[in-house]
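Everything below concerns the one structure shown next.
The values are calculated or read from the model by the stated rules, or taken from the named source; none is laboratory data. Please read all numbers here as calculations on a predicted model, not as lab measurements. Glycine gets a Cβ as well: all are built from the backbone with ideal geometry, and neighbour counts include every protein chain shown. For accessibility, only protein heavy atoms count, side chains too; no ligands or nucleic acids. Shrake-Rupley method; radii C 1.70, N 1.55, O 1.52, S 1.80 Å.
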Amino acid sequence: MGNREWMEFAEEVARGAGEILRRNYGRRQSIHFKGEINLVTDVDRESEAYLMERIRSSFPDHGILSEESSEHLSPSPYRWIIDPLDGTTNYAHNYPCFCVSVALERNGELLAGAVFNPLLSESFTASAGGGAFLNGERIAVSGIEDLRRSLLSTGFAYDVNQSTDNNLDFFREFVFAGQAIRRDGSAALDMCYLACGRFDGFWELKLHPWDTAAGLLLLREAGGVATRLDGSPYDIHQPDILASNGRIHEQMMAVVRRGMGGKTPEKR
């Protein structure tokens, strides 16, 4: 299969899982806690079971990395990276900002990705070298060149009240440097919105591969830039990201340096 075919499969299963989320949205959820405030719902698990079954039945030799289960290891060079419900806390509170994220990599190289928001019926897709799309229409990052006029997005980790590495220093600096900041609780959607020009910049700490795999490919294919907070190369196994339309990246890095105050990014 070519990258476009991989993308079409990723979109198909993301839409299928998204229908599970849409169908159950607004109903009373059975909530389980993985930590003090880090939760998982039965809908997370139903969505994940659907994705796992579709992938395993179609590509039984492929590996799978998912947020809610142990990694399915495989000698195959192909690995699917899935988040069956990005924005679980939002979903549990009936806050309408969540999605399904599905990506495929081969030997660590991202080939295809799809992020589906079932409430808005927005399907973000990308394939390596093939561009990025929203509901089939090509998308690109914004043309904003001034950080002061930029709409930014970020998020906070579940241990924000326990860890000193909590993003508050960076948030404080960006509040005064940008036009406005949004914090909607879905890193995958943040990166898609950056890719299509709704946001101009994004940063976050303590992320996982399933948070950013599909979004990173979308961003790159839409002309955006992603590094670590210190400007070093970013990949999905790094915990911190600084992403932008490329035009305000240096300005964002200057703000990060002020917020960093001599600290270095957390190493995994």
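Take A114 and decide whether it is touching a strand residue (DSSP E or B) at 6+ places or on another chain (Cβ under 7 Å) and within 27 Å of G2 (Cβ to Cβ). Spell out how you get there, then give the answer.
Numbers: touching a strand residue (DSSP E or B) at 6+ places or on another chain (Cβ under 7 Å): yes; within 27 Å of G2 (Cβ to Cβ): yes.
Yes; evaluated as a whole, the condition is true for this residue.
What pairs come out if I take residues in segment 46-57 that are touching a residue at least 60 places away in the same chain (Cβ under 8 Å) and pair them with residues that are open to solvent by 60 Å² or more (accessible area, probe 1.4 Å) and assigned to a helix (DSSP H, G or I) whose C-beta lies under 7 Å away, six or more apart or interchain?
none
Tell me which of these G130 doesn't satisfy, since it passes every other one: (1) free of Cβ contacts under 8 Å to residues at least 40 places away in the same chain; (2) open to solvent by 10 Å² or more (accessible area, probe 1.4 Å); (3) touching a strand residue (DSSP E or B) at 6+ places or on another chain (Cβ under 9 Å); (4) not hydrophobic (A, V, I, L, M, F, W, C).
So the condition that G130 fails would be (1).
Regarding S123, is this residue under 19 Å from the mean Cα position of the chain (by Cα) and either without any contact (Cβ under 8 Å) to a residue 60 or more places away in the chain or open to solvent by less than 20 Å² (accessible area, probe 1.4 Å) (or both)?
Working: under 19 Å from the mean Cα position of the chain (by Cα): yes; either without any contact (Cβ under 8 Å) to a residue 60 or more places away in the chain or open to solvent by less than 20 Å² (accessible area, probe 1.4 Å) (or both): yes.
So S123 passes the test.
With the condition kept exactly as written, say whether any residue in segment 241-258 is open to solvent by 40 Å² or more (accessible area, probe 1.4 Å) and touching a strand residue (DSSP E or B) at 6+ places or on another chain (Cβ under 7 Å).
No, there is no match, as no residue in segment 241-258 is open to solvent by 40 Å² or more (accessible area, probe 1.4 Å) and touching a strand residue (DSSP E or B) at 6+ places or on another chain (Cβ under 7 Å).
Criterion first (within 23 Å of D235 (Cα to Cα), modelled with pLDDT of 95 or more and of a type in the set (D, E)) does E122 satisfy it? Working first, answer last.
Working: within 23 Å of D235 (Cα to Cα): no; modelled with pLDDT of 95 or more: yes; of a type in the set (D, E): yes.
For E122, the condition - within 23 Å of D235 (Cα to Cα), modelled with pLDDT of 95 or more and of a type in the set (D, E) - is not met.
Looking only at segment 196-228, count how many residues are more than 25 Å from G259 (Cα to Cα) and among the hydrophobic types (A, V, I, L, M, F, W, C).
The qualifying residues number 7.
Scan segment 88-101 for residues that are buried (at least 23 other Cβ atoms within 10 Å of the Cβ) and of a type in the set (G, A, S) and jot them down.
Initially, segment 88-101 is screened for residues buried (at least 23 other Cβ atoms within 10 Å of the Cβ), giving 88, 91, 98-101.
The answer is S101, and nothing else.
Which condition does E204 not pass, out of (1) in contact with a Gly (Cβ under 7 Å, 6 or more places away or on another chain); (2) more than 20 Å from N117 (Cβ to Cβ); (3) of a type in the set (D, E), if it passes all the others?
Of everything listed in (1) in contact with a Gly (Cβ under 7 Å, 6 or more places away or on another chain); (2) more than 20 Å from N117 (Cβ to Cβ); (3) of a type in the set (D, E), E204 misses just condition (2).
Could you check, for segment 164-179, whether at least one of its residues is open to solvent by 10 Å² or more (accessible area, probe 1.4 Å), under 16 Å from the mean Cα position of the chain (by Cα) and at pLDDT below 95? Talk me through it step by step, then tell me what you get.
Going through segment 164-179, the residues open to solvent by 10 Å² or more (accessible area, probe 1.4 Å) turn out to be 164-166, 168-173, 175-177, 179.
With the extra rule that they be under 16 Å from the mean Cα position of the chain (by Cα), the set shrinks to none.
The answer is no, given that none of the residues of segment 164-179 is open to solvent by 10 Å² or more (accessible area, probe 1.4 Å), under 16 Å from the mean Cα position of the chain (by Cα) and at pLDDT below 95.
Among the residues of segment 102-117, count how many are closer than 19 Å to G87 by Cα and open to solvent by less than 10 Å² (accessible area, probe 1.4 Å).
So in segment 102-117, the residues closer than 19 Å to G87 by Cα come out as 102-103, 113-117.
Checking which are open to solvent by less than 10 Å² (accessible area, probe 1.4 Å) leaves us with 102-103, 113-115, 117.
Total meeting the criteria: 6.
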